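Novice: I am attaching a structure below and will ask some questions about it afterwards.
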Amino acid sequence: MDEPAKLELVRDWLRRAGRDLAAARALAALSDPLLDAAIYHCQQAAEKALKGWLQLQDDPFPKTHDLEQLVGQAARLRAEFSEHLPAAAVLTPYASAFRYPGGAFEPMPSREEFDEALSHAQVIYDFVVARLPQEAQP
C-alpha cells in the first residue's frame, strides 16, 4: 500500500474510533440511557484506535476484538503500550457481553461500569492519537 493510502486508512480508523466515543457519550446521555450499547462503543473505540496504530506500523493484525491481544502486539513495537493492558482487560468483554440475549448472565452495565469503560477507551484513544505523526491525525 502506498504511503498516502496508508495514512488515509489510519485516519479513517481513528475517525471511526472518535465516532464510537461520541456514540457512547450520546447513548449514555439519553433520558433513558442505553448503557449496554454505549459500553459496546467504548470497546469499539479502543479497538479501532489500536488497529489504526498497528496499521501505521505496517504490522498486520488479526481479525479480533481482543484488546489485550492488540495491546500486546502494539507493545512489542513500543513498550509503553503495555501500560494499557489493565484497561484492555476491562474493555475486551464489552465486545459481546451485552449484545446478544442469553449470552450474558450479568445485569446490564451500571453507570459506574460505563463511566470506567468510557474513561479507559478515551485514554487509549488519546494515547494512540498522541503518538501519530501529524499527517496521520484524524
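Novice: When ranked by the protection proxy of mean other Cβ atoms within 10 Å per residue, highest first, what sequence do the peptides 42-51, 78-87 form?
Specialist: Highest mean packing first, the order is 42-51, 78-87.
Novice: Excluding same-chain residues fewer than 8 positions from Lys63, which aspartates and glutamates have a Cα within less than 12 Å of its Cα?
Specialist: Glu47
Novice: Grab the Cα-Cα distance for Asp2 and Glu83, subtract it from 0.36 nm times how many residues apart they are, and report the gain in nm with one decimal.
Specialist: In short, 26.0 nm is gained.
Novice: Using Cα atoms only, what is the angle between the long axis of helix 3-29 and the major principal axis of the chain, expressed in degrees (0 to 90) to the nearest 10?
Specialist: Here the helix axis deviates by roughly 20 degrees.
Novice: Mind putting a number on the dipole of region 3-132 about its Cα centre? Charges go on the C-beta only, +1 for Lys and Arg and -1 for Asp and Glu, and I need it in Debye to the nearest 20.
Specialist: So the dipole magnitude of region 3-132 works out to roughly 420 debye.
Novice: To continue, here is another question. Just to confirm the number: angle between the C-alpha axis of helix 35-56 and the first principal axis of the chain, 0 to 90 degrees, nearest 10?
Specialist: The answer is roughly 10 degrees.
Novice: Sum -39500 (n - 2.57) across every DSSP H segment of at least 4 residues in the chain, then divide by the residue count to get the 222 nm mean residue ellipticity, nearest 500.
Specialist: Calculated mean residue ellipticity at 222 nm is -21000 deg cm²/dmol.
Novice: Taking the convex hull of the Cα atoms, report for the chain its projected area averaged over all directions, in nm².
Specialist: Here the figure is 8.3 nm², rounded to one decimal.
Novice: Relative contact order for region 3-132 using alpha-carbon pairs under 8 Å, separation at least 6, rounded to a whole percent?
Specialist: 31 percent
Novice: Quick one: what are the phi-derived ³J(HN,Hα) couplings along region 110-124, Karplus 6.51/-1.76/1.60 with θ = phi - 60°, whole Hz, x for glycine and proline?
Specialist: Once rounded to whole Hz, the list reads 7, 4, 5, 5, 4, 4, 5, 5, 4, 4, 4, 5, 5, 4, 5.
Since every read-out is calculated from the coordinates, none of them should be taken as a lab result. This is a predicted model, so every value here is computed, not measured. Counting neighbours? That spans all protein chains shown, and the Cβs are built from the backbone with ideal geometry, glycine included.
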